[in-house]
There are 2 protein chains.
Amino acid sequence: MSKIFVFGHQNPDSDAIGSSLAFAYLAKEAYGLDTEAVALGTPNEETAFVLDYFGVEAPRVVTSAKEEGVDTVILTDHNEFQQSISDIADLTVYGVVDHHRVANFETASPLYMRLEPVGSASSIVYRMFKESNVEVPKALAGLMLSGLISDTLLLKSPTTHETDHQVAKELAAIAGVNLEEYGLAMLKAGTNLASKSAEELIDIDAKTFELNGNQVRVAQVNTVDIAEVLERQAEIEAAIQKAQADNGYSDFVLMITDIINSNSEILALGSNTDKVEAAFDFVLENNHAFLAGAVSRKKQVVPQLTESFNA
Amino acid sequence: MSKIFVFGHQNPDSDAIGSSLAFAYLAKEAYGLDTEAVALGTPNEETAFVLDYFGVEAPRVVTSAKEEGVDTVILTDHNEFQQSISDIADLTVYGVVDHHRVANFETASPLYMRLEPVGSASSIVYRMFKESNVEVPKALAGLMLSGLISDTLLLKSPTTHETDHQVAKELAAIAGVNLEEYGLAMLKAGTNLASKSAEELIDIDAKTFELNGNQVRVAQVNTVDIAEVLERQAEIEAAIQKAQADNGYSDFVLMITDIINSNSEILALGSNTDKVEAAFDFVLENNHAFLAGAVSRKKQVVPQLTESFNA
C-alpha cells in the first residue's frame, strides 16, 4: 500500500489540524496504513498556540496530492470537494472522518466513512482510538481536545453533543490540562485580530458553499469585542469585494462571533442579501445585523442559508 | 423522538432486507431509537426463502415516508437518492449504514454515517452489534448471514472483504446453519427464473445510476445456466425496450451471472452501447458478450461504466 495523505479542510482550524494528526497516527497503529498528516494551509493563531503548547510541529502544507506522488487520501473534518485539496476529484478517497453535512461528495468506489453529528471531528477520532484500544499520546490528546474546544467554543455551541462533555473530560485528563483554563487561553489566542490585515481576517476560517448554483463564502472570526472589529468595516468590505471579484463568490457572509457572550454580528455583501435577510429574519443596516445566540456556522447559519437560497 | 423508518434500497435483495431488519433492532436496543424496519418492495425469491427459513415476516412495503407520518429515516445498503424512497429529498436522514460508493447523496445537516468497503451492509451491522455489546437474536443472525452470502455469492465475489470470512463464520454459528450448505440452497432459491415474466426478470435486482447525465439501469440475475436465460433473449429485449421507454433509461445493462462458475454474460441495449463496449473492452454480438470472472455489479461493472461514460 503506497502512502496516504490525511488532511483537514482548507483554511485549517484546530479541529482540522488536530483530527488529521491524530487520525494519521491511529491509522498507522491500528490499521497498518502508511499515512502522513499534511495540511491545506498554515495554522491560524489559535492553532499555532495549540501546536506550540503541546510541542507539535505543524503538518507540512501541500496543494496537490498528485504532485507529491500520492493518489490516495483520507479526509478529516470535511467532505465537500470544494473545501478539499485541489485535485480531490482525481484521487481515491480511502476514508472520511467528519461531523458535517454531506454535500458535493462523490466517489467511484466504496470507502470507509465515519460521520457523527457531534461537536468535532476530533471527538470521533478519539472514539476510534478507544474502539481500537490504541493508547492516546499526551500531545495528540491535547490536539484533539483543542479541536473540540475550538469547534464548540468550549462546549457552549449548540453543535456540542451530549457525549462531548465526557470526551473533553477524558482528553483533558490525558493531556494534563485544566479544561476551562486551557480552553479560554486557547480561544483568546485566536482573537488577536489587530495584527491581521483585512484580507487575512476574512480568510482565517472561511468555507465556500454551493447554494442553488451560487458560490457563497461563509467566514467566521472570533473576538471578545464585536465593536472593535466593526471599526474596521470599510477596510473589511473592500477585502470582501476583492475576494468576490477574484473568486466569483456571489455572496460573502462574515460572522463576527463574541466568544464570551455567545452572539454574532453578521456582515453580508453580495447579490443575494435579500436571501441572507430572509434566512435570519433580520434587516441588514449598513450591511450588518445582530444574530443573538448564534455561534455555530454549521448549525445556526449554513442550514438557514441553504433553505433560504433554495426557497 | 418520533418514529424512524429503516429501509434498504428499492428492489430489495437479501442484504437490503437483512441489514434493515437487523439495524432497526440494534438501534432500538443500543441507541433507544423508535425504529420500524420497512421495505421499498416485496422480497425476491431468494429473500423469501431466507425469511421463511428463519421464520421472519417480510417488512411492510412503503412508497412514501411522509404519507405514513414519518419524516426521519435511516438508510441501509444504499445512499444514492434515486435508489431510495420516493420522498427522500424531503426527509431528514438520521443515519446511513452502507458498503457502496457515495453519489447523489446530500443532507442539510450532520448525520450518522457508517460506510465500509466490505461485502455487505449486514457485515457492518453485525460489527455494530458487537461494538454495542448487544446480543444478536438467532433469526437476525440468519438474515445478516444471508445478506452477506447473497452480496458476495457465498464469499466468492471480489467484493468480499478479508474480515467477511470471520463474520460469516460467527453469524453461521449463531444462526445454527452450515455456511456452505445453507448458502448454496439460498442462492439456488434465487435462480428460479422460469417462473418469472421477462418484465419481472429484468427488475429482480436492478439499480439506476446517473452516469454523465445518462440514466443507466444496471440489472443482475443469478442463474446456474446462462444459456437457459439467453433462450429468452427476444422476450427480455422487448421488456427492456419497454422499461427504457417508460422510465427514460438511456441504457440498460443486464448481468446474467453464473453463480456456480462465477462469470457473467452482459446483455446491453441503449444509446451508448459503444461506451459499454469500451468499459469492458469487448464487442457485443447480437447485443451480448461474455465477461469472464465478473460477478459483482458494484466492483466489476459500475466503476467501469462510470469511467467509460465520463471519458
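B:Asn104: net charge of surrounding residues, Cβ under 14 Å, Lys/Arg +1, Asp/Glu -1, itself excluded? After counting each charged neighbour, the total is -3. Rounded to the nearest 20 debye, the dipole magnitude of chain A is 580 debye, with +1 charges on Lys and Arg beta carbons, -1 on Asp and Glu beta carbons, and the Cα centre as origin. Remark on A:Thr163: its backbone amide H falls under 5 Å from none of the residues 5 or more positions apart or on other chains, H modelled at 1.01 Å from N. Each residue of the stretch B:54-59 is assigned a 3J(HN,Hα), and the resulting list reads 9, x, 10, 6, 5, x Hz, derived from the Karplus form 6.51 cos²θ - 1.76 cosθ + 1.60 (θ = phi - 60°), x at Gly and Pro. With 19 Å as the limit, the listed pairs B:Lys196/B:Lys275; A:Lys156/B:Lys3; B:Lys207/B:Lys298; A:Lys196/A:Lys298; A:Lys196/A:Lys242; B:Lys169/B:Lys298 have B:Lys196/B:Lys275; A:Lys156/B:Lys3; A:Lys196/A:Lys298; B:Lys169/B:Lys298 beyond it between alpha carbons. Between copies, B:Leu184 shows label-point distances of 7.3 nm, shortest first, with the point placed 7 angstrom from Cα along Cα to C-beta. Applying Stokes-Einstein at 10 °C and 1.306 mPa s to the Kirkwood radius of chain B, computed over alpha-carbon pairs, gives a translational diffusion coefficient of 81 µm² s⁻¹. Local charge for A:Ala289 was computed over the other residues whose Cβ lies under 12 Å away, with Lys and Arg +1 and Asp and Glu -1, and equals -4. Farthest toward the dipole's positive end in the stretch B:196-241, which of B:Val224, B:Asn212, B:Ile202, given Cβ charges of +1 (Lys, Arg) and -1 (Asp, Glu) about the Cα centre? The one lying farthest along the dipole's positive direction is B:Asn212. The A-B contact accounts for approximately 2000 Å² of buried accessible area, totalled over both chains at a 1.4 Å probe radius.
Computed over neighbours whose Cβ is under 12 Å from that of B:Lys130, the net charge equals -3, Lys and Arg +1, Asp and Glu -1. With the simple model of a label 7 Å out from the Cα in the direction of the Cβ, A:Ser109 to A:Lys156 spans 4.6 nm. Of all aspartates and glutamates in the structure, the ones whose alpha carbon falls short of 13 Å from that of A:Lys138, not counting any fewer than 8 places away in one chain, are A:Glu170.
Note that the stretch A:153-161 has calculated 3J(HN,Hα) couplings of 6, 6, 6, 9, 5, x, 6, 5, 8 Hz, one per residue in order, obtained from phi through the Karplus relation 6.51 cos²θ - 1.76 cosθ + 1.60 (θ = phi - 60°); glycine and proline are x.
Probing with 1.4 Å while keeping every protein chain in the model, the per residue accessible area of the stretch A:4-189 equals 35 Å². Counting only heavy atoms of the protein chains and using a 1.4 Å probe, A:Lys275 has close to 60 Å² of accessible surface. At 1.4 Å probe size, with the rest of the protein present, what percent of the exposed accessible area of chain A is carbon and sulfur atoms? Accessible surface attributable to carbon and sulfur in chain A totals 46 percent. Ranking A:Arg60, B:Arg127 from most to least accessible surface, computed with a 1.4 Å probe over the protein chains only, gives A:Arg60, B:Arg127. Beta bridges from DSSP with both residues in the stretch A:23-139: antiparallel share about 0 percent, rounded to the nearest 5.
Any idea how far the Cα center of the stretch B:42-101 sits from the one of the stretch A:227-271, in Å? The distance from the Cα centre of the stretch B:42-101 to that of the stretch A:227-271 comes to 44 Å. Label-point spacing for B:Ala292 across the identical copies (point 7 Å from Cα in the Cβ direction), in nm and ascending order: 7.4.
Annotation: amide H of A:Val6 within the under-5 Å range of A:Glu36, A:Ala37, A:Val38, A:Ile74, sequence separation 5 or more or interchain, hydrogens built in the peptide plane. In the protein assembly as shown, a dipole from Cβ-located charges (positive for Lys and Arg, negative for Asp and Glu) runs towards its positive end, and of B:His9, A:Gly176, A:Ala65 it is A:Gly176 whose Cα lies farthest in that direction.
Secondary-structure-derived ellipticity at 222 nm for chain B, considering helices only, amounts to -11500 deg cm²/dmol, per-run term -39500 (n - 2.57) for DSSP H runs with n ≥ 4. With every protein chain in place and a 1.4 angstrom probe, the accessible-area ranking of B:Thr47, A:Thr63, largest first, reads A:Thr63, B:Thr47. Each residue of the stretch A:222-231 was assigned a 3J(HN,Hα) from its phi angle through the Karplus curve 6.51 cos²θ - 1.76 cosθ + 1.60 (θ = phi - 60°); the sequence is 9, 8, 9, 7, 4, 4, 4, 6, 5, 4 Hz, with glycine and proline shown as x.
Between this copy and the others, label points of B:Ala89 are 2.2 nm apart in ascending order, each placed 7 angstrom from Cα in the Cβ direction.
The values are calculated or read from the model by the stated rules, or taken from the named source; none is laboratory data. Remember, it's a predicted structure, so these values are computed and weren't measured experimentally. Every residue, glycine among them, receives a Cβ derived from its backbone with ideal geometry; neighbour counts consider all protein chains shown. We work out accessible area using only protein heavy atoms, side chains counted, and drop any ligands, DNA or RNA first. Shrake-Rupley method; radii C 1.70, N 1.55, O 1.52, S 1.80 Å.
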